[in-house]
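Engineer: What follows is a structure written as structure tokens; I'll ask about it next.
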Amino acid sequence: MIPYKHEPFTDFTVEENKQAMIEAIEKVNSYLGQDYPLIIGGERVMTENKLRSFNPSNREETIGHVSQATQEHAERAMAVAKETFETWRSANPAMRADILFRAAAIIRRRKHEFSALLIKEAGKPWNEADADTAECIDFLEFYAREMLRLKDGVKVESRPGEYNRYDYIPLGVGVVISPWNFPLAIMAGTTVAPLVTGNTVLLKPSSNTSVVAYKFMEVLEEAGMPKGVVNYIPGSSRDIGDFIVDHVDTRFISFTGSRDVGVHIYERAAKVHEGQLNLKRVIAEMGGKDTIVVDAEADLELAAESIVKSAFGFSGQKCSACSRAIVLEEVYDEVVAKVKEKAEKLTVGNPETNEHFMGPVIDDKSLNKIKEYIEIGKQEGKLLVGGTTDEAVGNFVHPTVFVDVKHDDRIMQEEIFGPVVGIAKAKDFTEAIKFANDTDYGLTGAVITNNREHLEQARRDFHVGNLYFNRGCTGAIVGYQPFGGFKMSGTDSKAGGPDYLVLHMQGKTTSEML
Ligand SMILES: NC(=O)c1ccc[n+]([C@@H]2O[C@H](COP(=O)([O-])OP(=O)(O)OC[C@H]3O[C@@H](n4cnc5c(N)ncnc54)[C@H](O)[C@@H]3O)[C@@H](O)[C@H]2O)c1
Ligand SMILES: N[C@@H](CCC=O)C(=O)O
């Protein structure tokens, strides 16, 4: 087996790659509008009630009509997952890992098709879609290798006449609840981690992006996943959300999404229901309010570039997006001028033709929330760039920059999840780190500095799960920059890291007298 290496990104300036993506978009166009069933125990279950998944760049375009699970379907899926666990838990871990390796190979072969679907269903620009697909492949390759590393447990000491072992065994049935913003990578990563560790899964993907999740289910089946190991049950959170979280047979919940929903799930999972045999484990990866700090001794061109790319890549719809910048007062005006110049050059539009840096935001709810925050920003600071939308055909918001805000203003504290960034001043580096830390979240951050002492100060005092120096604060790579946050950003599960799979298992000690 070759050592893990992350999947390279595609260079779309190469004509051949560009043509391949155009053909992939045509292929996806050829299957738009189909009906998609639930998958329970391998069986396709088409329901009357379906949700229309649409293209956020062009709301009229239907991606698919997706069957919606009821509590009865969820109950059936739970029964199947519970039964399947009895065999799957003792399946050879190397065989389980092989399914992931095969799935990675299948997706690599169909890479541009998956990216094209992400362009259509999530409104991702080509480069962002390509990165999402690459990250999916990375999760498959990385977790398969991780399982091979952990399959024989961890060595513990034994005294003479004693044989001690420390092994990891799976937990049981897991509920995986994933967001729409990394509809392939995060959905796949959070599904295959429990799968490869010997658990069975109820997968409830985001309603906005359930078609890509269905296509991933097909890949797992083609790769050899037995029936009932992952059960695909898209559905309304109101109908089945609490039901699957509360279920007595749910052993763990892997949630990625907003803070409010994460906290709600965390609280509900703590309640022990009658007949429940285990305390539920919760992996919750939630929102962010991520800061780039710009020191006085810094490459200011790099600073502005990092702020703009991290704030506006995928329209700021990343938990890692830079939504606040804290700039030392000596260089504030210069950084603001450079950010303005760069942000004004960005264009927004349908990502399908790869002409624009930014695509749409995901839906009306998101659009309205962003517009509300733009109004709040106008009260709290000065609008420097953007602040406008184009809603005729799709959900487009122009890159928006507020300056002269205070670090504790609402737009500098609350997750907006759109292309809006605020820039505030600090009098010195210590104050900048204090302001950076002063949010409820603790996911990502970056420091742009040429001062080694300040860099070490930030390494010690800037309290975020993923801290970057002299670069932007988005774009963690599986296996290179394990990803997860502190405080109200979640349980710091560190997806794509060496501790991740262990969260889906329990340690078992055996001690035999010889
Ligand atoms: N920390 C991370 O790794 C990470 C990664 C991606 C996204 N996010 C966060 O996710 C959010 C954006 O995603 P979103 O809008 O899909 O989040 P969301 O919280 O609205 O939804 C996430 C998932 O939870 C489901 N859900 C909603 N209510 C539920 C309930 N009561 N019970 C069970 N399931 C329920 C949704 O259907 C969806 O599948 C942002 O806050 C972003 O920061 C975090
Ligand atoms: N892992 C991604 C963010 C995921 C959340 O949206 C990044 O590092 O930018």
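The values are calculated or read from the model by the stated rules, or taken from the named source; none is laboratory data. Only a predicted model underlies this, so the values are computations on that prediction, with no experimental measurement involved. Quick reminder, even Gly has a Cβ in these numbers, built from the backbone with ideal geometry, and neighbours come from all protein chains shown. To get the accessible areas, we keep the full protein, side chains included, count just its heavy atoms, and leave off ligands, DNA and RNA. Shrake-Rupley method; radii C 1.70, N 1.55, O 1.52, S 1.80 Å.
Engineer: Go through segment 463-474 and report how many residues are surrounded by 20 or more Cβ atoms within 10 Å (Cβ to Cβ) and either of a type in the set (Gly, Ala, Ser) or more than 16 Å from ligand 1 (Cβ to nearest atom) (or both).
Structural biologist: Adding up the residues that qualify gives 2.
Engineer: Could you please tell me which pairs satisfy a Cβ distance under 9 Å, a separation of 6+ or placement on different chains, a first residue in segment 234-258 that is part of a helix (DSSP H, G or I), and a second residue that is acidic (Asp, Glu) and more than 8 Å from ligand 1 (Cβ to nearest atom)?
Structural biologist: Sorted first by the residue in segment 234-258, then by its partner, the pairs are 243/75.
Engineer: Residue by residue through segment 159-192, note down the ones that are free of Cβ contacts under 8 Å to residues at least 40 places away in the same chain and more than 25 Å from residue 484 (Cα to Cα).
Structural biologist: 159, 160
Engineer: Could you say whether any residue in segment 365-376 is open to solvent by less than 10 Å² (accessible area, probe 1.4 Å) and within 21 Å of residue 183 (Cβ to Cβ)?
Structural biologist: Yes, segment 365-376 has at least one match.
Engineer: Of everything in segment 61-86, what is over 24 Å from residue 237 (Cα atoms), in contact (Cβ under 8 Å) with a residue 60 or more places away in the chain and open to solvent by 40 Å² or more (accessible area, probe 1.4 Å)? Give them in sequence order.
Structural biologist: 83
Engineer: In addition: If you go through segment 440-458 one residue at a time, do you hit one that is open to solvent by less than 10 Å² (accessible area, probe 1.4 Å), more than 30 Å from residue 197 (Cβ to Cβ) and within 16 Å of ligand 2 (Cβ to nearest atom)?
Structural biologist: Yes, because at least one residue in segment 440-458 is open to solvent by less than 10 Å² (accessible area, probe 1.4 Å), more than 30 Å from residue 197 (Cβ to Cβ) and within 16 Å of ligand 2 (Cβ to nearest atom).
Engineer: Can you find a residue in segment 223-232 that is crowded, with 22+ Cβ neighbours inside 10 Å, closer than 13 Å to residue 176 by Cβ, of a type in the set (Val, Ile, Thr) and more than 16 Å from ligand 1 (Cβ to nearest atom)?
Structural biologist: yes
Engineer: Just checking, how many residues over segment 277-327 are farther than 21 Å from residue 406 by Cα and of a type in the set (D, E, K, R)?
Structural biologist: Going through segment 277-327 one residue at a time, the tally reaches 9.
Engineer: Additional query: Across segment 114-135, what is the total count of residues that are among the charged types (D, E, K, R) and under 15 Å from residue 7 (Cβ atoms)?
Structural biologist: Qualifying residue count for the region: 4.
Engineer: Moving to a separate point now. Does residue 426 count as touching a Leu at 6+ places or on another chain (Cβ under 7 Å) and surrounded by fewer than 24 Cβ atoms within 10 Å (Cβ to Cβ)?
Structural biologist: Values: touching a Leu at 6+ places or on another chain (Cβ under 7 Å): yes; surrounded by fewer than 24 Cβ atoms within 10 Å (Cβ to Cβ): yes.
So residue 426 passes the test.
Engineer: When you scan segment 168-176, do you find a residue that is touching an Asp or Glu at 6+ places or on another chain (Cβ under 9 Å), part of a loop (DSSP other than H, G, I, E, B) and either within 16 Å of ligand 1 (Cβ to nearest atom) or within 23 Å of residue 284 (Cβ to Cβ) (or both), even just one?
Structural biologist: Yes: segment 168-176 contains one or more residues that are touching an Asp or Glu at 6+ places or on another chain (Cβ under 9 Å), part of a loop (DSSP other than H, G, I, E, B) and either within 16 Å of ligand 1 (Cβ to nearest atom) or within 23 Å of residue 284 (Cβ to Cβ) (or both).
Engineer: Return a yes/no flag: does segment 262-279 have any residue that is small (Gly, Ala, Ser), within 16 Å of ligand 2 (Cβ to nearest atom) and touching a Gly at 6+ places or on another chain (Cβ under 6 Å).
Structural biologist: no
Engineer: From 124, 155, 120, 111, grab the single residue that is surrounded by fewer than 24 Cβ atoms within 10 Å (Cβ to Cβ) and in contact (Cβ under 8 Å) with a residue 12 or more places away in the chain.
Structural biologist: 111
Engineer: Select from segment 196-211 the residues that are closer than 16 Å to residue 74 by Cβ and β-branched (Val, Ile, Thr) and list them in ascending order.
Structural biologist: The answer is 200, 201.
Engineer: Do you know which residues across segment 309-331 are open to solvent by 10 Å² or more (accessible area, probe 1.4 Å) and part of a helix (DSSP H, G or I)?
Structural biologist: Correct list: 309, 329, 330, 331.
Engineer: Considering each of 104, 144, 122, 134 in turn, give the residue that is within 20 Å of the chain's Cα centre (by Cα) and farther than 25 Å from residue 39 by Cα.
Structural biologist: Result of the check over 104, 144, 122, 134: 134.
Engineer: May I pose another question? Could you look through segment 2-39, keep only residues that are among the charged types (D, E, K, R) and free of Cβ contacts under 8 Å to residues at least 60 places away in the same chain, and pick out the one that is farthest from residue 109 (Cα to Cα)?
Structural biologist: We begin by selecting, within segment 2-39, every residue among the charged types (D, E, K, R); these are 5, 7, 11, 15-16, 18, 23, 26-27, 35.
Next cut, free of Cβ contacts under 8 Å to residues at least 60 places away in the same chain only: 5, 11, 15-16, 26, 35.
On the way: 5: 17, 11: 16, 15: 19, 16: 15, 26: 17, 35: 25 Å.
For segment 2-39, the residue satisfying everything is 35.
Engineer: Looking only at residues in segment 350-363 that are out of contact with any strand residue (DSSP E or B) (no Cβ under 6 Å at 6 or more places or on another chain) and open to solvent by less than 10 Å² (accessible area, probe 1.4 Å), which one is nearest to residue 410 (Cα to Cα)?
Structural biologist: 362
Engineer: Here's a follow-up. I need a count of the residues in segment 262-308 that are open to solvent by less than 50 Å² (accessible area, probe 1.4 Å), more than 16 Å from ligand 1 (Cβ to nearest atom) and small (Gly, Ala, Ser).
Structural biologist: Adding up the residues that qualify gives 5.
Engineer: Further question on the same structure: Has segment 85-106 got at least one residue that is within 16 Å of ligand 2 (Cβ to nearest atom), basic (Lys, Arg) and assigned by TED's automatic domain parsing to the domain that holds residue 184?
Structural biologist: Among the residues of segment 85-106, not one is within 16 Å of ligand 2 (Cβ to nearest atom), basic (Lys, Arg) and assigned by TED's automatic domain parsing to the domain that holds residue 184, which makes the answer no.
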